[in-house]
Amino acid sequence: MLWLVFTTGKCNLTCNYCGGSFEKEVVPWEVKYNVEALRSIIERDENATVVFYGGEPLSNPSFIMRTMDGVRAKRWGVQTNGTLVRLLPERYWRRMNVALLSIDGRRELTDKHRGKNVYDVVVRNFRYLKSLGVPTVARMTVTQDTEIFEDVKHLLDLGFDKVHWQLNVVWTDRWDVKEWAERSYLPGVRALVDLFVERLREGKVLGIVPILGVVSAHFNGGYVGSPCGAGYRSFSITTDGRVLSCPIAVREKWAELGTVGGFKVLEDPLPAVCKECEYRRYCGGRCLYASQERYWGEEGFKVVDEVTKEYLRIVLSRMWEIEELIRRGIVSREQLKYDPTEDSTEVIP
Ligand code: SF4
Ligand code: SF4
């Protein structure tokens, strides 16, 4: 299981798609429960991945240290904006199995949305983490300014082990996703899939999560709910000790599964609208939050859904070539196995 553990509701940046810190009444800025309570939940799980989350999780390094010292877990990670990396001592970083750094791609794009000089700071910290041997994932927020091929390629060339992206849709003001997707995004995705297959022919698996996670589902079993695991393989623990299905849904009652004292698991995580969809084993209903909230209404949901389906068709159209590469022994199924809950990624953008 994946445990997303909030260390604070506070953030030191105000990126324009997020807005920064949570109000203290919604997600307190200090942890209000005892690490013992966390230990008793997490140590019952033999396959526990604990990923620190926020706010900006590294703004509360003492809680991270106390947890890593007092709780046994199989994997450790952090989802960070990448600016406060030096607040956590090196010996804790050396125990991290994954660091997810928010960076949108090229410098001008990242700084436009996240703040002046953010790109340089994040890249400097990324290089430091790499020098310590910490596996890294670049987490991009994709907007109408993104050139998906250029920006993903840029991050892979910088040396990130994996790149994942999320579309800035549904919880932002409405924008013309359809026009952008047809003109820019989907052709860019096609070019990324070309690159992915090209490298596979050399026996190398590129860590492009939205492609790898779908390929993995094809060969190694699909997703029964959102690939992020929301509510059935992934649980978020807020600083006030609530257990949520989705870490974004800090205000929404439907997401509350209980508290650190006891909680339930979602029995059937696939949304009703997805039950008959031909792509459900690859997509798992995409994002549970988006399908529950539908901020863009029914029609907005459908527009995003069409983009999702077209991206899936692009990836799936190359599966026969990948099958052929497996048959010829150039890559193995094992190499194509990817469990998004081990990295806290969502697969479907
Ligand atoms: S493609 Fe759309 S309808 Fe199909 S499973 Fe995903 S979200 Fe549901
Ligand atoms: S993909 Fe959706 S349901 Fe999953 S963690 Fe992200 S916001 Fe929550």
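Given (1) under 30 Å from Phe63 (Cβ atoms); (2) within 16 Å of ligand 1 (Cβ to nearest atom), identify the lone condition not met by Ala217. So the condition that Ala217 fails would be (1).
Can you name every residue in region 256-282 that is part of a loop (DSSP other than H, G, I, E, B), more than 22 Å from Tyr311 (Cα to Cα) and away from ligand 2 (no atom under 14 Å from the Cβ)?
Initially, region 256-282 is screened for residues part of a loop (DSSP other than H, G, I, E, B), giving 260-261, 264-271, 275-279.
Imposing the further condition that a residue be more than 22 Å from Tyr311 (Cα to Cα) reduces the set to 260-261, 264-269.
Val260, Gly261, Lys264, Val265, Glu267, Asp268, listed by residue number.
Scan region 289-308 for residues that are touching a Cys at 6+ places or on another chain (Cβ under 8 Å) and either outside any helix (DSSP H, G or I) or within 10 Å of ligand 1 (Cβ to nearest atom) (or both) and the total you get is 2.
Does Phe235 count as buried (at least 20 other Cβ atoms within 10 Å of the Cβ) and either more than 10 Å from ligand 1 (Cβ to nearest atom) or at pLDDT 95 or above (or both)? When the stated conditions are applied, Phe235 passes them. Assessment of region 208-222 against the conditions (of a type outside the set (Lys, Arg), within 15 Å of ligand 2 (Cβ to nearest atom) and more than 17 Å from the chain's Cα centre (by Cα)) yields no matching residue.
Per this entry, Pro187 is not counted among residues that are surrounded by fewer than 18 Cβ atoms within 10 Å (Cβ to Cβ), over 30 Å from Lys32 (Cβ atoms) and touching a strand residue (DSSP E or B) at 6+ places or on another chain (Cβ under 7 Å).
Checked against (1) part of a loop (DSSP other than H, G, I, E, B); (2) more than 19 Å from the chain's Cα centre (by Cα); (3) among the small types (Gly, Ala, Ser), Ser184 meets all criteria but (1).
Among the candidates Leu84, Leu100, single out the residue that is surrounded by 20 or more Cβ atoms within 10 Å (Cβ to Cβ) and of a type in the set (A, V, I, L, M). Lay out the reasoning, then the answer.
Details: Leu84 fails: surrounded by 20 or more Cβ atoms within 10 Å (Cβ to Cβ).
So the residue among Leu84, Leu100 that is surrounded by 20 or more Cβ atoms within 10 Å (Cβ to Cβ) and of a type in the set (A, V, I, L, M) is Leu100.
Here is a yes/no grid of residues against (1) out of contact with any Cys (no Cβ under 7 Å at 6 or more places or on another chain); (2) assigned to a helix (DSSP H, G or I); (3) on the phi < 0 side of the Ramachandran plot; (4) not aliphatic (A, V, I, L, M):
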| site | (1), (2), (3), (4) |
| --- | --- |
| Glu310 | yes, yes, yes, yes |
| Arg313 | yes, yes, yes, yes |
| Glu321 | yes, yes, yes, yes |
| Leu325 | yes, yes, yes, no |
| Ser332 | yes, no, yes, yes |
| Thr345 | yes, no, yes, yes |
| Ile348 | no, no, yes, no |
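The values are calculated or read from the model by the stated rules, or taken from the named source; none is laboratory data. Only a predicted model underlies this, so the values are computations on that prediction, with no experimental measurement involved. Here Cβ is always computed from backbone atoms with ideal geometry, including for glycine, and neighbour counts include all displayed protein chains.
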